[in-house]
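Engineer: Structure incoming, see below.
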Amino acid sequence: MATHTDHHHSFPLLLLTFLTLLPLSSADDSAVMLKLLSSLSPAPFGWSSSIPFCNWTNVSCKLTSSLVTAINLGSAGVSGVLPLELNQLSQLQYLALQKNSLTGTLPSFENMTSLEQIYLDNNDFTSVPNNFLLRLTNLQTFSISENVNLGPWEIPSYLTESTNLLTFYASNASVTGIIPNIFGSFPNLQNLRLSHNNLTGSLPGSFSGSEIQILWLNNQEVGLSGRIDVLANMTQLAQVWLHANMLSGAIPDLSSCKNLFDLQLRDNRFTGVLPPSLMNLPQLLNITLQNNKLQGPYPQFPSTVVNVTIGTTNSFCLDRPGPCDPQVSILLDVAGALGYPMSFAESWQGNNACHDWRFINCNSQGRNVTVVNMSRQGFSGSISPTFANLTSLRNLVLNDNNLTGVIPPVLTTLPELQTFDVSNNNLSWQIPVFPPSVRVTYSGKLLLGQNDNESSGGAPGTSTAGIISGVIVAVVVSIGVVLLFLYKCYVRRKHKRLGRVEGGNVTISIRGELHDETKIAVKRMESGAMGMKGMKEFQAEIAVLTKVRHRHLVTLLGYCINGNERLLVYEYMPQGTLGQHLFEWQKLCYQPLSWKQRLIITLDVARGVEYLHSLAQQSFIHRDLKPSNILLSDEMRAKVSDFGLVKNAPDGKHSVETRLAGTFGYLAPEYAATGRVTTKADVYAFGVVLMAIITGRKAVDETASEAHLVTWFQGVLINEDNLRESTDPALDPDDETYESICEVAKLAIQCTAQQPTQRPDMGQVVNSLGPLVEPWKPSEPEEDDAIGNDRHMSLSAILQAAEEPNKDADDVDLSIHDTNEYQAQQVFEEMPGTKMERKLNGKDEVCNVALHECKALEEGRKDTSMANLKCKDLCLSFLVKIMQANAWRHI
């Protein structure tokens, strides 16, 4: 039996054992520092296990504890492998290990939230671990340049958490992949050096508006590609090194870059005319332009530019400063509208367009351009109005390209023009009326808004063909139609078997079901189609739908980003699209929509679009409103979908200039002609939807005598008696219904007025449709839309009447600094506890899913249905239900 004395003597031993088991890091960093000391050879000067580590040379600790805050071993002449335990230095703020001979895998710095500066350059590290910079929320400087033995690694997208980043150096460090589009998350970033790596792709749009001053991207192994227009909006630039890449296109106007002193553009594929502002940059000292294919006048820089290297491989019209020949200047303007193709820059040499210039023929005297033949070159861009300055031009042949925009009316003034061929392009709006002597050819892809006398002055279609050719073409077309019909039947059966639902241009949408039998629609971006355009649309969709909530806008439940995989998870709309019910109801064995259903759908859509336009402090333009983007529930209630082309709308009546996007047949004329868009463009598209609902016709129907629905419908309404014969035969309206149809038809005409100022806004549209819906309003009580009570009152009117702010309309700031780019990366920030693994194509992959509800709770906005749930639990619950492998099944 143990005595009292035995217990007395054993207690200190137990206490000592307990204290020994406690981790030393809970009291100080001695264990980690001794581990670091043992890993280095030779021992750094002033480091010894016999000396308290806080007294070691170039080591700093907190005054109140033995916790290390700084380690400076720069140029210490040490070698070895850094210990993995280094990330246990919880208070470390400064780590300098540059210019040594350190090797092996870097330790992870994950969760070292105090760490502000990391210097690892000029060593021999061999690899970096996953997530090695994750959650470094106070990181300001990171340098890993000149580590030539590193294995390939990519700049991580989670770096967006380091919002205080000032400097990022990773030159000659085996960085691969693309430059991620994350730089909108770094408001203070000034120095970015990524030279001598293997980066590919284009410059990210998030560079636009950044504070970057030093930008080194030169000497990539394969080469960066694409245009450098984004530099024009990087107004703080001082030094830009882009040499030795595969960058192309024209050098942009850099007049806003007042501090730029060093610009290295040599050894690329730049074309086009140098902007005059380049020669007038006030601080410019050094510039290199050699080994490109630059065109136009030879540049002349002022004497203040110390070093200018132009070289001899460019395609300037002269070998000395001076103006180009007028015809050369005109043709360079033409090339500019096409994006300055390389084929022009390589073949258009010298200052005489009549001297062996490709695509160009001149008169017998060799003085004046008479023929421009750019047929079948795959050119994109627009037709330049400066063609009209080639007054001797007889034949202008531009067929079988990818030209967009309008045909400049000024071309009708060319005095010698005989042939004008623009067939098989993507041109839009009206064909100008040419003189009868001009043969105009425009067959192939449909031109929108064609004139009634579209064949005036020339025969429609391609050049006159013989009867035999016509018969051959007819037979081939007939065979093609039969094959296309058989293929469509096969695809339709296949899609029905796989349970697919309608998707976007570069997506596959799959219907799914959760364990609780909740139906979902999962839209997967096809990896082969995920280019910059697809990525922008993916970002835009998330940026809007994670903030904007309305019962007539489709609900985004979550999204997944992993490598090249991009998934969007929506509520499932079981009745498909409005387009299917209007145009394919017989093929899909649907019942035709009644007028009551069509009318309620129009009001639903109008309310959803009005919400986008006027209920948030920052309004939005949808830009792709059409029946296939209107989804229907089992109750045939509508929700607007597909926000990939959404744009921030400018305040007031001002328009915003943007690249033309949308669907032919729904594009407002002023948008198609100028590229400038306002909310009235959506109103126009809504008017086209109304016409489709009334007639059952598509916006563009090549089989009809008048292909363009708006033009045809406006002709019908000249005599209202014609409307009954033009309504959808499936409606068979009685007198009361026909009276309602007439009112909607008048509204459709107002919405598609030629001038945007003559169109109503969406609030007025809601007010017009509300009383028409009232006789057929659903008998079942509905959820309120946003706040309001009056069913046919516009939401903006309800807000004004209630005199209180809309609680559902969160203002979404997409921070658009460039008209073609969204800076919406903030929505991709990882949230705590949102990682789960699931099976995708047989592989374990990690998906990061962010929910609107989670973000709302994090930001303090209350949601009564989820007020008692913690954000982390909510996200994990969602992931468990959706992202685990067993939660997915095809129906």
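The values are calculated or read from the model by the stated rules, or taken from the named source; none is laboratory data. What you see is a predicted model, and the numbers here were worked out from it, not measured in a lab. In this analysis, Cβ positions are derived from the backbone assuming ideal geometry, glycine residues included, and neighbour counts consider all displayed protein chains.
Engineer: Among the residues of the range 176-183, are any under 22 Å from the mean Cα position of the chain (by Cα) and polar (S, T, N, Q)?
Structural biologist: Applying the first criterion (under 22 Å from the mean Cα position of the chain (by Cα)) to the range 176-183 yields 176-183.
From what is left, the residues that are polar (S, T, N, Q) are 176, 181.
Within the range 176-183, one or more residues are under 22 Å from the mean Cα position of the chain (by Cα) and polar (S, T, N, Q).
Engineer: Among the residues of the range 84-119, count how many are under 19 Å from THR167 (Cβ atoms), assigned to a strand (DSSP E or B) and not hydrophobic (A, V, I, L, M, F, W, C). Break it down stepwise before answering.
Structural biologist: Just the residues of the range 84-119 that are under 19 Å from THR167 (Cβ atoms), to begin with: 92-99, 106, 109, 112-119.
Subset that is assigned to a strand (DSSP E or B): 94-96, 117-119.
Okay, now just the ones that are also not hydrophobic (A, V, I, L, M, F, W, C), so 94, 117, 119.
The qualifying residues number 3.
Engineer: Kindly indicate the residue of the range 23-78 that is of a type in the set (Gly, Ala, Ser), under 18 Å from MET112 (Cα atoms) and outside any loop (DSSP other than H, G, I, E, B) and also modelled with the lowest pLDDT among those meeting that condition.
Structural biologist: Ranking the qualifying residues of the range 23-78, first place goes to SER25.
Engineer: To continue, here is another question. Would you mind telling me which numbered condition in (1) within 24 Å of ASN181 (Cα to Cα); (2) touching a Pro at 6+ places or on another chain (Cβ under 8 Å) THR137 fails?
Structural biologist: Among (1) within 24 Å of ASN181 (Cα to Cα); (2) touching a Pro at 6+ places or on another chain (Cβ under 8 Å), THR137 violates only (2).
Engineer: Hey, could you check the range 427-441 for residues that are out of contact with any strand residue (DSSP E or B) (no Cβ under 9 Å at 6 or more places or on another chain) and among the hydrophobic types (A, V, I, L, M, F, W, C) and say which is nearest to LEU403 (Cα to Cα)?
Structural biologist: Here the answer is TRP429.
Engineer: To continue, here is another question. Go through the range 373-383 and count every residue that is in a strand (DSSP E or B) and crowded, with 18+ Cβ neighbours inside 10 Å. Even if it seems obvious, please write down each step before you answer.
Structural biologist: Step one: list which residues in the range 373-383 are in a strand (DSSP E or B), which gives 373, 380-381.
Keeping just the survivors that are crowded, with 18+ Cβ neighbours inside 10 Å gives 381.
Total meeting the criteria: 1.
Engineer: Out of all the residues in the range 631-661, which are surrounded by 17 or more Cβ atoms within 10 Å (Cβ to Cβ), farther than 16 Å from LEU612 by Cα and at pLDDT 80 or above?
Structural biologist: LEU631, LEU632, MET636, ARG637 - these are the residues of the range 631-661 that are surrounded by 17 or more Cβ atoms within 10 Å (Cβ to Cβ), farther than 16 Å from LEU612 by Cα and at pLDDT 80 or above.
Engineer: Among residues belonging to the range 675-710 that are in contact with an Asp or Glu (Cβ under 8 Å, 6 or more places away or on another chain) and polar (S, T, N, Q), point out the one that is nearest to ARG759 (Cα to Cα).
Structural biologist: Among those residues, the one meeting the criterion is THR679.
Engineer: When you look at LYS698, is it outside any strand (DSSP E or B), buried (at least 16 other Cβ atoms within 10 Å of the Cβ) and not polar (S, T, N, Q), yes or no? If you could, list the steps in order and put the result at the bottom.
Structural biologist: Working: outside any strand (DSSP E or B): yes; buried (at least 16 other Cβ atoms within 10 Å of the Cβ): yes; not polar (S, T, N, Q): yes.
Considered against the rule, which asks whether it is outside any strand (DSSP E or B), buried (at least 16 other Cβ atoms within 10 Å of the Cβ) and not polar (S, T, N, Q), LYS698 comes out as yes.
Engineer: Tally up the residues in the range 216-241 that are part of a strand (DSSP E or B) and either in contact with an Asp or Glu (Cβ under 6 Å, 6 or more places away or on another chain) or within 21 Å of LEU274 (Cα to Cα) (or both), please.
Structural biologist: Here is the first cut: in the range 216-241, the ones part of a strand (DSSP E or B) are 216, 225-226, 239-241.
Right, trim to either in contact with an Asp or Glu (Cβ under 6 Å, 6 or more places away or on another chain) or within 21 Å of LEU274 (Cα to Cα) (or both) and you get 225-226, 239-241.
Looking only at that region, the number is 5.
Engineer: Out of the residues in the range 556-605 meeting the condition of being in contact (Cβ under 8 Å) with a residue 40 or more places away in the chain and among the polar types (S, T, N, Q), tell me which one is surrounded by the most Cβ atoms within 10 Å (Cβ to Cβ).
Structural biologist: My answer is THR602.
Engineer: While we're looking at this one, here's another question. Exactly one condition in (1) touching a Ser or Thr at 6+ places or on another chain (Cβ under 6 Å); (2) surrounded by fewer than 20 Cβ atoms within 10 Å (Cβ to Cβ); (3) not in a strand (DSSP E or B) is false for THR370; which is it?
Structural biologist: (3)
Engineer: State all residues of the range 728-762 that are crowded, with 21+ Cβ neighbours inside 10 Å and either modelled with pLDDT under 90 or of a type in the set (S, T, N, Q) (or both); if no residue qualifies, say none.
Structural biologist: THR752
Engineer: For ALA704, work out the one condition from (1) under 38 Å from the mean Cα position of the chain (by Cα); (2) surrounded by 14 or more Cβ atoms within 10 Å (Cβ to Cβ); (3) at pLDDT 50 or above; (4) over 19 Å from ALA668 (Cβ atoms) it doesn't fulfil.
Structural biologist: (2)
Engineer: Residue under question is SER423, and the condition is that it be modelled with pLDDT under 90, in the same structural domain as SER382 (by TED's automatic domain parsing), surrounded by 15 or more Cβ atoms within 10 Å (Cβ to Cβ) and on the phi < 0 side of the Ramachandran plot; does it hold? Write out each step before concluding.
Structural biologist: Values: modelled with pLDDT under 90: no; in the same structural domain as SER382 (by TED's automatic domain parsing): yes; surrounded by 15 or more Cβ atoms within 10 Å (Cβ to Cβ): yes; on the phi < 0 side of the Ramachandran plot: yes.
Answer is no for this residue.
Engineer: Which of the residues belonging to the range 598-644 are touching a helix residue (DSSP H, G or I) at 6+ places or on another chain (Cβ under 6 Å), part of a loop (DSSP other than H, G, I, E, B) and of a type in the set (S, T, N, Q)?
Structural biologist: Within the range 598-644, SER619, SER641 qualify.
Engineer: Under the condition of being loosely packed, with under 15 Cβ neighbours inside 10 Å, in contact (Cβ under 8 Å) with a residue 12 or more places away in the chain and closer than 18 Å to SER90 by Cβ, which residue from the range 35-66 is farthest from the chain's Cα centre (by Cα)?
Structural biologist: By that ranking, first place goes to SER65.
Engineer: Could you grab me the full set of residues in the range 710-727 that are closer than 19 Å to LEU599 by Cβ and either buried (at least 17 other Cβ atoms within 10 Å of the Cβ) or among the aliphatic types (A, V, I, L, M) (or both)?
Structural biologist: PHE713, LEU717, LEU723, SER726, THR727 - these are the residues of the range 710-727 that are closer than 19 Å to LEU599 by Cβ and either buried (at least 17 other Cβ atoms within 10 Å of the Cβ) or among the aliphatic types (A, V, I, L, M) (or both).
Engineer: Conditions first: (1) under 24 Å from the mean Cα position of the chain (by Cα); (2) buried (at least 22 other Cβ atoms within 10 Å of the Cβ). SER202 passes all but one, so which condition is the exception?
Structural biologist: (2)
Engineer: Of (1) at pLDDT 95 or above; (2) within 39 Å of the chain's Cα centre (by Cα), ASN87 satisfies all except one. Which?
Structural biologist: Going through the list (1) at pLDDT 95 or above; (2) within 39 Å of the chain's Cα centre (by Cα), ASN87 breaks only (1).
Engineer: Condition first: part of a strand (DSSP E or B), modelled with pLDDT under 80 and within 22 Å of LEU632 (Cβ to Cβ). Can you find one or more residues in the range 530-549 that meet it? If you could, list the steps in order and put the result at the bottom.
Structural biologist: Just the residues of the range 530-549 that are part of a strand (DSSP E or B), to begin with: 548.
Now restrict to residues that are modelled with pLDDT under 80: 548.
Now restrict to residues that are within 22 Å of LEU632 (Cβ to Cβ): 548.
Yes, the range 530-549 contains at least one residue that is part of a strand (DSSP E or B), modelled with pLDDT under 80 and within 22 Å of LEU632 (Cβ to Cβ).
Engineer: With (1) in contact with a Leu (Cβ under 7 Å, 6 or more places away or on another chain); (2) of a type in the set (S, T, N, Q); (3) farther than 15 Å from PRO156 by Cα; (4) buried (at least 19 other Cβ atoms within 10 Å of the Cβ) as the list, and ASN197 as the residue in question, which single condition is left unmet?
Structural biologist: (1)
Conditions tested, residue by residue: (1) among the small types (Gly, Ala, Ser); (2) at pLDDT 95 or above.
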{"site": "VAL371", "(1), (2)": "no, yes"}
{"site": "LEU393", "(1), (2)": "no, yes"}
{"site": "THR404", "(1), (2)": "no, no"}
{"site": "SER428", "(1), (2)": "yes, no"}
{"site": "GLN450", "(1), (2)": "no, no"}
{"site": "THR462", "(1), (2)": "no, no"}
{"site": "VAL471", "(1), (2)": "no, no"}
{"site": "SER478", "(1), (2)": "yes, no"}
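Engineer: Show me the strands (runs of 3 or more DSSP E) found entirely inside the range 275-358 where at least 3 residues are surrounded by 14 or more Cβ atoms within 10 Å (Cβ to Cβ) and not aromatic (Phe, Trp, Tyr). Before the answer, list the steps.
Structural biologist: Numbers: elements: 286-288, 293-296, 307-309.
So the answer is 286-288, 293-296.
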